[in-house]
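Report on one structure; see the data block that follows.
The values are calculated or read from the model by the stated rules, or taken from the named source; none is laboratory data. Predicted, not measured: the structure shown is a model, and the values here were computed from it. All Cβ positions, even for glycine, are placed from backbone atoms using ideal geometry, and neighbour counts span all protein chains on display.
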């Protein structure tokens, strides 16, 4: 048995991250995408209706594979000295990755053994979590997160500035348009809906200012929005520039 | 008393800006956010209506704390040699920070002792100023402002170019669509509303060109808008790149 | 004949890519643009209607020139040692460029000898392929593609993140707004339409949330959208920065 | 007289571009802004109506000053050895700057001596040209233009790619939605309006796809639009990065 265990361990957790995935991991990745796709389709009555049994079958299939995957991982993880033995297994079970794996299994039981409508809805949403299992396979994702993390304080600050400007613009608009359109601008919380749609340049157009002063303030907010969008973009661009430059320097040093 | 004064001074103005805030400053920051939140909610009649007394109480509470804070700061600032003595206190009172502190207290008195509807509205808006008190706590904000400031002339110029293109696009649209839609494009000031919504890519869609030539000009404006948005974003990105590169160099020199 | 062949070969494929195009290539480039323009106009009944014969004539003209071009290229390519002889010609015929050339001729025959409405529609679309012939003339395009290619994995990853956030936002919105607006948010696939319009900040406004919780989630999605847009922009900016820096270094080395 | 001429020449064309403008140039800059403002207001009947005489007066005033400025410039330019003498003056008159100066005067005569409605409209538009006179005063503008110029070929190429994708998306949408919405997607030129509004992420929402396939293609176009917007932004950011880096190096060399 230890032979099978260590062989499987290497298949699940290749020692040196290779260029391409191991066949097992590629299969599991494909399964995650397929499962998410099925979860999405299951919410559309016109698709599920005539194919109820196909979807029930697919649900059971995904559940079985993910449950088996969970227990096999729990078994083979023993090859990792950090998680060997019973206590090691307990330590593994509470790692974020194992929790995500568990959370993406649980909903299957709800769907299978419950008739509560609300629980079913929540369970369905929870199954989207399986997408988070992806992060296991992606080394690029980790590098990506590092870049964003290295400038976290600047990005959070620019989010804070956006929120402050949003509040200010909504407060001004509430004063200016509140009397003309009490439904849409009658209070700051109401004006926030207009504010966020304008500052992010989404612009649904369901709420627009009617007074001249309101239009002027709205135009100023839109221009400010462009400037605010420039901030996170600029920070991310600079962070990637830095990372790429560091990579290049390391390559020079290696030669 | 001097012992308490200098102890409080250190709590309010830590000598070496530490990684995390002092408990006092963290408490005051939380209070500013809570106060802004209450000001925002107070404008919504459906929320204030049934809880009138709660909000009056909260208003008084915030007023008391901010008034006490103001006078305590005025007292302890004497430990700073620049602001010690009566003349030093006067010098402190006119610093931007002290003015902001004062301005965020004044509205409480208006709300408490006035029945004038218009004054109340303005007072409410003024209380949003307390958000500006935040800048005191944020060293990152200062660095941020430095980055933007270092490229101020380029950013102002790109704003100027945006305004010039906005004027030009509106003038062209006024000529092209003015006859078909006199309400929306009957003069350049009216066409400006369309112009700012299109150039900033917000696109509410409440005003759209109807003629073929108008649609063509509108499309050209939208594409120009994308180009114009690229300018501030590019400038900010380059400014952050420069700042990050300078930081790295300084780190190298320190080693 | 070999003299004409090699002369034509040089006209079609100048040895050293010069600053400006050879007159022959400039003529062919102009023809591609003209042909695309005619294809676009041909779909508008109010333009084709009164000028049917002009467009038939233009179609024949473009067909003749492109067919002649194809066979002349096939002949002169023999001067290239890689494609000389009959087997070399076969090898040339399956190169992407030759396939594009062929694909942009084929539709003419469909249009000429078929009355099938559906085939005609498809054929018309296929003729747009002639635009891809352009890439032959553009050395800058190749450099451009290199820049994008060098950061392909980062760009694909950011596309993946956008799709994952899109799925998540749509799933949340389906739970939140699904009961209030079953037509627009009654399933995740339906909510995706709202999601993509909001995350990309296009914001048509044909589908907007009506509940307060829905508006809150929509605002959060719009702000997340701005952050997500910052990622590809930042990556592209960093990639171009790197390329421009490398170019400058090479120029220094040359001196 | 030569004394006055050379004194005025120095006022108009300061030898070393100083930090701040000369008083004369500051006055002329202010006049250009005021004139543009008046031109904009003049198109709004509700503003001009009751103040007809004020605007006629202002028009005359601006006309006089700009005409005097033109002839004074023509006189003092003789101090520049390149433009001295009668032939030098002729050479000056055809420089872009002198042509812009002349073009911004001409409309005054049309407005004064013509009753033709169409001519008046065009004349009004022409007077916006006075804004272009600004470029004379702005050294920063020149630096700005240099940055954009240095990456002109990349920016033009990205514009070309945007136009090609726009054409392709419109062609696909014409095939997909043309039958369902002949008014909006019945031909490629009609679909272009949808295309440009979606690719630039403006999103008026006056034209939206109704079929499922159409919505899918529209979503893909919107995502592609975000990617396309990243290109010019990235190029501009990289160009500014390069320029700022070069500036810094020059400063190092100067020390």
Worksheet item: Is it fair to say residue C:234 is assigned by TED's automatic domain parsing to the domain that holds residue C:166, on the phi > 0 side of the Ramachandran plot and free of Cβ contacts under 8 Å to residues at least 60 places away in the same chain?
Response: no
Practice prompt. Of the conditions (1) touching a residue at least 40 places away in the same chain (Cβ under 8 Å); (2) within 20 Å of residue D:204 (Cα to Cα), residue B:213 clears all except one; give me its number.
Written response: (1)
Worksheet item: Right, residue A:190: within 12 Å of chain C (Cβ to nearest Cβ) and either surrounded by fewer than 21 Cβ atoms within 10 Å (Cβ to Cβ) or in contact with a strand residue (DSSP E or B) (Cβ under 6 Å, 6 or more places away or on another chain) (or both) or not?
Response: no
Worksheet item: Is it the case that the stretch A:62-75 has a residue that's within 14 Å of chain C (Cβ to nearest Cβ) and under 18 Å from residue A:102 (Cβ atoms)?
Response: no
Fill in: Any chance residue C:153 is in a helix (DSSP H, G or I) and more than 7 Å from every other protein chain (Cβ to nearest Cβ)
no
Worksheet item: Mind checking whether some residue in the stretch B:193-201 is in a loop (DSSP other than H, G, I, E, B), under 25 Å from residue C:198 (Cβ atoms) and either modelled with pLDDT of 85 or more or more than 10 Å from chain D (Cβ to nearest Cβ) (or both)?
Response: yes
Item to complete: For the stretch A:164-177, enumerate the residues that are more than 28 Å from the chain's Cα centre (by Cα) and within 12 Å of chain C (Cβ to nearest Cβ).
Response: A:170
Fill in: Entirely in the stretch C:66-129, the helices (runs of 4 or more DSSP H) that have 1 or more residues that are on the phi < 0 side of the Ramachandran plot, modelled with pLDDT under 80 and out of contact with any strand residue (DSSP E or B) (no Cβ under 7 Å at 6 or more places or on another chain)
C:106-113, C:117-127
Discussion item. Scan the stretch D:203-210 and tell me whether some residue there is in contact with a helix residue (DSSP H, G or I) (Cβ under 9 Å, 6 or more places away or on another chain), more than 7 Å from every other protein chain (Cβ to nearest Cβ), part of a helix (DSSP H, G or I) and at negative phi.
Written reply: no
Item to complete: Evaluate the following for residue C:145: is it within 11 Å of chain D (Cβ to nearest Cβ), modelled with pLDDT under 85, in a helix (DSSP H, G or I) and under 20 Å from residue C:30 (Cα atoms)?
Response: no
Response to the item:
Exactly one of B:222, B:230, B:239, B:180 is more than 7 Å from chain D (Cβ to nearest Cβ) and part of a helix (DSSP H, G or I), and that residue is B:239
